[in-house]
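To start, the structure itself, in structure tokens.
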Amino acid sequence: MRTGMLARRPLLAAVALLAATGAQAEQSGPNFVGLGVGVVPVYQGSDDYRTLPVPMINYHSGNFFITPRAGLPAMGLKTSLAKDLDAGVFVGLGLGRKSSDSDRLKGLDDIDFHGAYGAYVEWAPGPYSLGMAYKQAARSGYGGSLELRASYLAWRSESSSLRFGVSTEWANKDQMQTWYGVTSSQAAKSRAGLKEYSASSGFKSVALFSTWSYRFTPSWSAVTTVGVSSLVGDVRDSPLVERNTNVFGNVGVIYAF
């Protein structure tokens, strides 16, 4: 397993972990800021892992919010459609990838950081939370994806809580090709000898995760997330995929206000 602390690229770290886990809070709850350390694959389907510093934030004020949406660090506006049912729009930062990140990628084109925008609907009755979010890259050819998510607050005491969740992601052809396709020119330049591959739209992955939090004081808490994500469908046939299943996790400290 390869790890490396990317101290000079904290934004890359935050985006990479959010894209891989999607497990940070996506609901109103208390406002908080914090910092954590995460372990994630270099890209979903990679054999290589890295250790990353992860800023964590969940802020809501009226209709405005800054919190992860569809695996992105994002900000946006929301409205209440009914009791426990919210909808909103958001803008965020999309994940990038460099050919130098992994031996498997050497010779391929970089995927640039890019803006993204989208919309979501979330229903959160009691301990349950069900959500759907679509994000679209604001860069031509990078495509978009739809995320479906469900979680359940299984246990809560005065000082701690435990939540379990599941999610799946569908991606259109442009996004699949950007991340998992190999063009003829890329195949010719590939140092790993990758074969040409044309990716098609479809469900890309499923993930299971759990998040445990422990409150030390009324303001300070520790938060830990662990999970497993697996590629599904035709994307498993991409020559970029070294393994179908990856684990991920992070631990951090947050300050609620």
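Cα extents for the chain along the principal axes, largest to smallest and rounded to whole angstrom: 58, 37, 29.
Could you state the number of Å between the C-alpha centres of the range 78-139 and the range 228-257? For the range 228-257 versus the range 78-139, the Cα centre distance is 15 Å. Put simply, the amide H of G94, placed in the peptide plane, has neighbours under 5 Å in H114, G115, A116, leaving out anything fewer than 5 places away on its chain.
Would you mind getting the accessible area per residue of the chain, heavy atoms of the protein chains only, 1.4 Å probe, in Å²? Mind showing how you got there, number by number?
Numbers: 12290 Å² over 257 residues.
I get 48 Å² per residue for this part.
List the GluC sites (Glu not before Pro) within the range 135-169 that fall in a DSSP loop (any state other than H, G, I, E or B) and whose Cβ has at most 11 other Cβ atoms within 10 Å. Don't jump to the answer; show the numbers that get you there.
Details: sites: E147, E158, E169; in loops: E158.
For GluC sites (Glu not before Pro) across the range 135-169 that sit outside H, G, I, E and B with at most 11 neighbouring Cβ atoms in 10 Å, the list reads E158.
Surface composition of the chain: carbon plus sulfur atoms contribute 59% of the solvent-accessible area (1.4 Å probe, protein chains only, all chains present). Taken one residue at a time, the phi angles of the range 167-173 give Karplus couplings (6.51, -1.76, 1.60, θ = phi - 60°) of 8, 9, 10, 9, 10, 7, 4 Hz. Gly and Pro are set to x. Here is the list for the range 201-236: chymotrypsin sites (Phe, Trp or Tyr not before Pro) lying in DSSP coil, each with at most 12 other C-beta atoms within 10 angstrom of its C-beta, are F216.
Identify the chymotrypsin sites (Phe, Trp or Tyr not before Pro) of the range 117-170 meeting these criteria: DSSP loop state and at most 10 other C-beta atoms within 10 Å of the C-beta. Could the numbers behind the result be given before it?
On the way: sites: Y117, Y120, W123, Y128, Y134, Y142, Y152, W155, F164, W170; in loops: Y142.
Answer in residue order: no site qualifies.
The values are calculated or read from the model by the stated rules, or taken from the named source; none is laboratory data. These figures come from a predicted structure and were not determined experimentally. Please note: Cβ atoms are built from the backbone with ideal geometry, for glycine as well, and neighbour counts cover all protein chains shown. In case anyone asks, the SASA skips ligands and DNA or RNA and just uses the protein heavy atoms, side chains included. Shrake-Rupley method; radii C 1.70, N 1.55, O 1.52, S 1.80 Å.
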